[in-house]
């Protein structure tokens, strides 16, 4: 059975719903018109992905509010720091009394609220979802410039690049890796997950089976031709449902043993940010362990060997 591709950013899991709330890269709309004379001092973020950039770039006293998802320990890289900051649900009546001088939002974030804020002349910076590390660098610098925190932005870019350099593969072997979420939801070619795998020296299993963007792979297909590494963003027990139990399906358990599985915290790659390099480092370490095993090493070498004539 071929991979099923979703039309646009649709999926029933929490991971994919966050993507609808999110949006993060290069659609800059600073709608106040005139440039501000001083950096914004009362910043509101309405989006999980922009929450994280705001916390990483700004001192707490310049953050008027974050989205409620910023405190989610599974999804937010900055959850511990967000607990001491005000949060909003994204309604205009919550935000207007805060008198923000800049609002950060995603391209899918609470569109009626964003439209009202723009109509009131409040500056809004809208961000799309970065799908690779070049876009993460560009977006981080863009937000840092809007906040007047260029030096901090460059420091975060430099730290990310150091982690990426240390995690870069030393050879051309590329074990296959599949990110698998409840229901068989996964990330194919052209996604941030694929970029993370590539940086870690892995090949994207779903992309290799023809999936572009986000969609589903049947567990039967995965079990019949298993990846070298199965990456989950959560434990099966965290999803007491039929969709969640798929991660512990007996056929999948036989095809992909425990030593060929790993977990990457959702907060590292649900949104693209400097912290996403940590997901690369974790996968790179797992790649090293995989290649130390004779079975994966042999299969990977065979995959890269010249074809016999």
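At-a-glance table
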| item | result |
| --- | --- |
| Percent of alpha-carbon pairs separated by more than 18 Å within region 147-225 | 52 |
| Listed peptides 269-276, 93-100 by packing density, highest first (mean Cβ within 10 Å) | 269-276, 93-100 |
| Alpha-carbon Rg/Rh ratio, for region 136-291, with Rh computed the Kirkwood way | 1.01 |
| At q = 0.17 Å⁻¹, base-10 log of I(q)/I(0) for region 91-174 (Debye sum, equal scatterers on each alpha carbon) | -0.80 |
| Mean Cβ count within 10 Å, highest first, over the residues of peptides 206-217, 80-91 | 206-217, 80-91 |
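No lab work stands behind these numbers, since they all come straight from the coordinates. Predicted model only: the values in this text are computed from it and were never measured. Neighbour counts run over all protein chains shown; Cβ positions are idealised from the backbone, glycine included.
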